[in-house]
Amino acid sequence: MATDGMVLHKRSLSEGGTSTQAWKVLSQTLPSRGPDVDAWWQLTGRHLAVLLDAAAYPIEKQYECLLYHYHYAAPYLGPAPREGASPPTWKSMLQLDGTPFEFSWKWNNPGGEPDVRFGLEPIGPMAGTSLDPLNHLAMREILYKLSSAVPGSDLTWTHHFLATLFDHDYAKYTQKAATMGSSIGTSLVYSLEFQRKSTGLKTYFHPRKLDQQAFLDIPSWEASFRGLHPNSPSRTAVHEFLSTNPEGKLLKPFCLSVDNCSPAKARIKWYFNSPHTNFRAIREIMTLGGRIADTETRTKQFSELFNLLKTVTEEHADFPETSEFPYVPNNGDSIIPNFADAPDMLKGCVYFFDIAPGRNLPAIKVYFPVRNHCRNDLAVTQNLNRWLESRGRGQYGAAFGRALETIADYRRLEDSGGLLSFLSCQFMEDGELDLTSYFNPQAFHSGRLTHRRATRRRGDDRW
């Protein structure tokens, strides 16, 4: 891997590289809140600390981010995984192994800095019961608290979609879950994105209508959108693509996210799953079937994206645009019960279309599932860093690699895949590729559970 190159930032990793000074200070001074909360804090709190340090956040911002986690993440992750424990009553669908937490690392452009984000599905004590069949109570509590804690927060759009993407007869949801023999499944997620001078709050909605099968149908989505904004040129363009284009007809809508800020500045991201990973399909979707004009800059961006995907998957230079990227069964994951009615969600690429009012055409991002198509986590990391370094963006590559090794302290990165889940790309107006790596802490990985020490005191470096 490339050298760090961060001459202005003195990193604060403790001896052995398993935590940072900020995390150790907070862990020693903040009060215990019970075994489950403490366990999640020791796991994901330490991971967050290492990522913030690797991304060279100022020390005061590191403390701020960790305190957000302490107050608004760790207490809401449900029962902590333990070796030999019964499976949790509510199993999150945020990750394949049931971990209700996700990290992302937005890669720096030349001369810039990375951004770190976390997302989670809050799990309340009554999740899946007749009192809270959709597991919404914890999320509503957190949003109420964060609306005061995050400057500039505005929940207007979140309130609208909470009211229109779900039914409100909890008794019928309880009956449906009993008929299914399992809980309804994940429907609300939130994320905090930590920029250097601000923090952004987003809400994600996975609709769960009573008459819904695997995916909510397009007319039901549109009914919700129309209640917010009757006319939207970007949304009209997406609908035309979905109904007339061969690739568009294959897309399945499964999620929506909104920025919880002033509606004048917020985005509405509509997420779809595609069964394809071939680059011709990626190009067709990211141009909206030719509706987004081809330019010299965009042509170069597509060439760069294809080169990047061939690099991380270790495919040869003349790999055809029409070929699906080969599937690599290396992560040990299988279809968990909550995905039984939507197995397509575990393969193919994911896209979002930003359909916020004021745009004639949507901004589009593709999420490539590296967990399915790359040899192992070390290969993904090394190949991505090599690509970034060759384009003057490798300043943080080595620090990112070391952070991943710390997070995966229960195994070696070269042993398997699955820690890194997606690599996303959005084309920027300046010609750069906006890239983000997403990863799963794998809290329920058998190796992590057996790796735990038999006894430990709160605040130790390792969970």
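The values are calculated or read from the model by the stated rules, or taken from the named source; none is laboratory data. Bear in mind that the values here come from a model prediction, so they are computed numbers and not experimental data. Using ideal geometry, Cβ is built from the backbone for each residue, glycine included, and neighbour counts are taken over all protein chains shown.
Here are the numbers:
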quantity: Residue in segment 234-293 that is farthest from the chain's Cα centre (by Cα), counting only those that are surrounded by fewer than 21 Cβ atoms within 10 Å (Cβ to Cβ), within 30 Å of residue 318 (Cα to Cα) and of a type in the set (S, T, N, Q); calculated: 245
quantity: Some residue of segment 199-212 being more than 30 Å from residue 145 (Cβ to Cβ) and at pLDDT below 95; calculated: yes
quantity: Filter result (assigned to a strand (DSSP E or B), farther than 18 Å from residue 206 by Cα and of a type in the set (Phe, Trp, Tyr)) within segment 59-108; calculated: 103, 105
quantity: Exclusive hit being among the polar types (S, T, N, Q) and without any contact (Cβ under 8 Å) to a residue 24 or more places away in the chain, set 212, 195; calculated: 212
quantity: Residue 173 in contact with a Pro (Cβ under 8 Å, 6 or more places away or on another chain), buried (at least 19 other Cβ atoms within 10 Å of the Cβ) and closer than 23 Å to residue 123 by Cβ; calculated: yes
quantity: Check on residue 31, over 20 Å from residue 120 (Cα atoms) and free of Cβ contacts under 8 Å to residues at least 24 places away in the same chain; calculated: yes
quantity: In segment 135-187, residue farthest from residue 265 (Cα to Cα) [restricted to those that are of a type in the set (Val, Ile, Thr) and outside any helix (DSSP H, G or I)]; calculated: 184
quantity: Candidate set from segment 312-361 (those that are within 18 Å of the chain's Cα centre (by Cα) and of a type in the set (A, V, I, L, M)); member that is modelled with the lowest pLDDT; calculated: 345
quantity: Matching entry among 302, 272 (being at pLDDT 95 or above and within 24 Å of residue 204 (Cβ to Cβ)); calculated: 272
quantity: Failed condition for residue 77, given (1) surrounded by fewer than 19 Cβ atoms within 10 Å (Cβ to Cβ); (2) in contact with a strand residue (DSSP E or B) (Cβ under 7 Å, 6 or more places away or on another chain); (3) of a type in the set (A, V, I, L, M); calculated: (1)
